[in-house]
Every structure is written in structure tokens, then in C-alpha cells.
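Peer 1: Dropping the structure in here first, questions after.
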Amino acid sequence: MTTPFLKGKTALVTGSTSGIGLGLATALAQQGAHIVLNGFGAYAEAEQSIQALGVQTLYHGADMRKPTEIEDMMQAAAQRFGQVDILVNNAGIQHVCAIENFPTEKWDDVIAINLSSAFHTTRLALPAMKKANWGRIINVASVHGLVGSAEKSAYVAAKHGIVGLTKVTALETATTGVTCNAICPGWVLTPLVQQQVDAKAAALNISNEEAKRVLLGEKEPSMQFTTPEELGALAVFFCTAAGNNVRGVAWNMDGGWAAQ
Ligand code: NAD
């Protein structure tokens, strides 16, 4: 068995109490990284599952809509672990509604959580990463960072925005050991997507399983959900030496969605 190659490093994953964030945190912890967890809900369970992998954890409940709470989280992470070596900007929410009826407060929340929070964590993490001349910033965008879908204006705008932020961060760090890349999943069966499956099942009066097939059939040629484990493996790859010169990519894992 080889030594986990991220031993001694610290990864902060926003929105890691469930779904993709927890999957990415798990994959990085399996490679030995200490993990700073964040997000709402059942954080104790998430923390226990990561600690069971033999790494240390810190949970911080910063609300990604609030820059002062983000600053507090970044400071707490630095105090506990010295610095954040791997930053995963993953926290996100969805709201599905036509533009003319889109609640303005939902627009603000989606932009704040899915886009602006990544600006704040990145600006706060970069100085120490640059000083160490090593760092990884991984932005969880979406296939919606590459293509649009009706009734997802705020989400698509935020995800296209984070793909842009990824490119600029990659350019500003291009001569350093810090890289920044985005992951663009298609459908992943997490609580965020289960809500959309539930809405489809109710609207069409069909079962949960049928609703999943309808959802996949509309967009994803593979007819398969991407898994948090598959996304975790991509995040781990970005952290390897082979990822040293992978800069500013928006890498879709979307079952062919964006290829159409
Ligand atoms: P999820 O609902 O399972 O998890 C979202 C996480 O974000 C949770 O930990 C939640 O507590 C946290 N969160 C929500 N609001 C927050 C706030 N204000 N402050 C701090 N944390 C907050 O969703 P998921 O599907 O795992 O989504 C994770 C990321 O992946 C999101 O950015 C999402 O846009 C993206 N994504 C998901 C899919 C998918 O199919 N599920 C596809 C593409 C991209």
C-alpha cells in the first residue's frame, strides 16, 4: 500500500455535509488530507465518516452568503491547520423558476452561494498558497457552467461565472505551483437533484424511478447519474503531480450532456 500522497495537507471543502462535497472530502481524506468541513444539516455524521479515515477534521458552519462568516472560517482553518492547501468551492443551491417569476431574494442567494463565496474563499486562501508555492483550487461548477437550461437563470449565470473565475484564477497563478480548475458534473443523485426528481414525479404523476429516467433522458445521453466517488477521483487527480500544469479547465463529467 502506498503512502497517501496528501498526508500533511489540509483541504477545505465548502458545502461538505452532504452530496458531492462529502464525496470530494472523502476522496481527499482517503489520500491523507485533513479536512475542514462546512455546510448545514447533519455535520456530525459527515465529520465522523471523515475521521474514520484517520485524518483530522474541523467543522465550521459559515453561511456562504456571508463574507464575514467566510472570513471567520478561513481564519479558523489557518489557526487549526496552519493553512488551506486545497480549496474546494462546492457549496451550492438550485432554484427552478422562469425569469419573470424568479424571486429576487432567491437570485441573490444563488449568486452569493454558488459564485461570490468562491471569490471570497479564493482571495483569502491564495496568499498562503502562493507563499508555499503549492495549492489546488477546485471549483465545483456544473454542466450548467457550459450550457444553459430553461428556468435555471440564477444557477446557470452563477455556474458560467464560476467557470470564468476559474480561468482568471488560473491565469493569475499560472507561473506558480498553485492551480485552479473546475469540475462540471451533469446529473448527480444528491439531495439537490432529488428535489427536482420529486418535482418531476409530482408534475407528471409518475414514480420516483420513472422520474429519474425522464430527468436523465432529457439531458444525459449515458442515462446514468455521475457519482460523488467519480467526481472525487477527478479532484484527487487535480492534486497529483500529473495535474501540475492543468490550469483553468472546466472538465465535464456529464454523460455526454454538453457534447450534444
Ligand atoms: P447538496 O444539496 O447535496 O449539498 C449542498 C451542500 O451545500 C450542503 O452541504 C449544504 O449544507 C451546503 N450549503 C447550502 N447552502 C449553504 C450556505 N448558505 N452556506 C454553506 N453551505 C451551504 O447538493 P449537491 O448536489 O451535492 O451540490 C454540490 C455542488 O455541486 C453545488 O455547487 C451544485 O451546484 C453542484 N452540482 C450538482 C449537481 C447535481 O446533479 N447534484 C450537478 C452539477 C453541479
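The values are calculated or read from the model by the stated rules, or taken from the named source; none is laboratory data. Computed from a predicted model, the values in this text were never measured in an experiment. Cβ placement follows ideal geometry from the backbone for every residue including glycine, while neighbour counts extend to all protein chains displayed. Quick note on the areas: whole protein, heavy atoms, side chains included, nothing else; ligands and nucleic acids left out. Shrake-Rupley method; radii C 1.70, N 1.55, O 1.52, S 1.80 Å.
Peer 1: Please work out the Cα center distance from segment 135-169 to segment 174-189, rounded to the nearest Å.
Peer 2: 10 Å
Peer 1: I'd like the accessible area for Thr190, computed on protein heavy atoms only with a 1.4 Å probe and all protein chains in place. Round to 10 Å², please.
Peer 2: Rounded to the nearest 10, that gives 20 Å².
Peer 1: Quick check: Cα centre of segment 40-92 to Cα centre of segment 217-240, how many Å?
Peer 2: Each part reduced to its Cα centre gives a spacing of 23 Å.
Peer 1: Moving to a separate point now. Among the lysines, which have Cα under 19 Å from the Cα of Lys9 when same-chain residues fewer than 8 positions away are ignored?
Peer 2: Correct list for Lys9: Lys130, Lys131.
Peer 1: Is it possible to state the helix-based mean residue ellipticity at 222 nm for the chain, with each DSSP H run of 4+ residues giving -39500 (n - 2.57), the sum divided by total residues, to the nearest 500 deg cm²/dmol? What is it?
Peer 2: Rounded to the nearest 500, the figure is -14500 deg cm²/dmol.
Peer 1: Enter the angle in degrees (range 0 to 90, nearest 10) between the Cα long axis of helix 153-172 and the first principal axis of the Cα atoms of the chain, meaning the one along which they spread out most.
Peer 2: So the inclination is approximately 30 degrees.
Peer 1: For Tyr43, tell me the accessible area in Å² from a 1.4 Å probe, rounded to the nearest 10.
Peer 2: Surface accessible to solvent at Tyr43 totals approximately 90 Å².
Peer 1: Using a probe radius of 1.4 Å on heavy atoms only, what accessible surface per residue do you get for segment 63-163? Whole Å² is fine.
Peer 2: I get 42 Å² per residue for segment 63-163.
Peer 1: Got a number for carbon plus sulfur as a percent of the chain's accessible area, 1.4 Å probe? List each step's numbers first, then the result.
Peer 2: Values: 6280 of 11590 Å².
The value for the chain is 54 percent carbon and sulfur by accessible area.
Peer 1: Now for a different question. Applying 1/(1 + (r/R0)^6) with R0 = 35 Å to the Cβ-Cβ distance of Gln51 and Ala258, what FRET efficiency is obtained, to the nearest 0.05? Please report the intermediate quantities before stating the final value.
Peer 2: On the way: r = 37 Å, r/R0 = 1.05.
Computed FRET efficiency for Gln51 and Ala258 comes out at 0.45.
Peer 1: Average projected area of the Cα convex hull of the chain, in nm²?
Peer 2: 13.9 nm²
Peer 1: Keeping all protein chains in the complex and leaving out DNA, RNA and ligands, what accessible area do you get for Phe40 with a 1.4 Å probe, in Å² to the nearest 10?
Peer 2: Using a 1.4 Å probe on the heavy atoms, I get roughly 130 Å².
Peer 1: While we're here: Which residues in segment 120-159 place their backbone N less than 20 Å from a point set 7 Å from the Cα of Ala174 along the Cα-to-Cβ direction?
Peer 2: Under cut-off, by backbone N: 123, 126-127, 130-131, 133-139.
Peer 1: Let me ask you something else. Among Gln260, Thr10, Tyr155, whose Cα projects farthest towards the positive end of the dipole of the chain, with charges put on the beta-carbon of Lys, Arg (+1) and Asp, Glu (-1)?
Peer 2: Value computed over the given set: Thr10.
Peer 1: Further question on the same structure: Largest first, what is the accessible-area ranking of Trp134, Trp251 with a 1.4 Å probe?
Peer 2: Trp251, Trp134
Peer 1: Within 14 Å, Cβ to Cβ, of Thr173, how many net charges do the neighbouring residues add up to if Lys/Arg are +1 and Asp/Glu are -1?
Peer 2: With Lys, Arg at +1 and Asp, Glu at -1, the neighbours total +4.
Peer 1: In degrees between 0 and 90, to the nearest 10, how far off the longest principal axis of the chain does helix 117-132 point, with axes built from Cα atoms?
Peer 2: That helix lies at roughly 20 degrees to the long axis.
Peer 1: With a 1.4 Å probe and all protein chains kept in place, how do Leu189, Leu115 rank by accessible area, largest first?
Peer 2: Leu189, Leu115
Peer 1: Separate question: How charged is the neighbourhood of Val55? Take every other residue with its Cβ under 14 Å from the Cβ of Val55, and add Lys/Arg as +1 and Asp/Glu as -1.
Peer 2: +1
Peer 1: Label points 7 Å out from Cα along the Cβ direction at Glu218 and Lys130: separation in nm?
Peer 2: 4.3 nm
Peer 1: With a 1.4 Å probe and all protein chains in place, put Phe225, Phe119, Phe102 in order of accessible area, largest first.
Peer 2: These residues rank, largest area first, as Phe119, Phe225, Phe102.
Peer 1: Does anyone have the angle between helix 208-219 and the longest principal axis of the chain? Alpha-carbon axes, 0 to 90°, nearest 10?
Peer 2: In the chain, helix 208-219 runs at an angle near 80 degrees to the longest axis.
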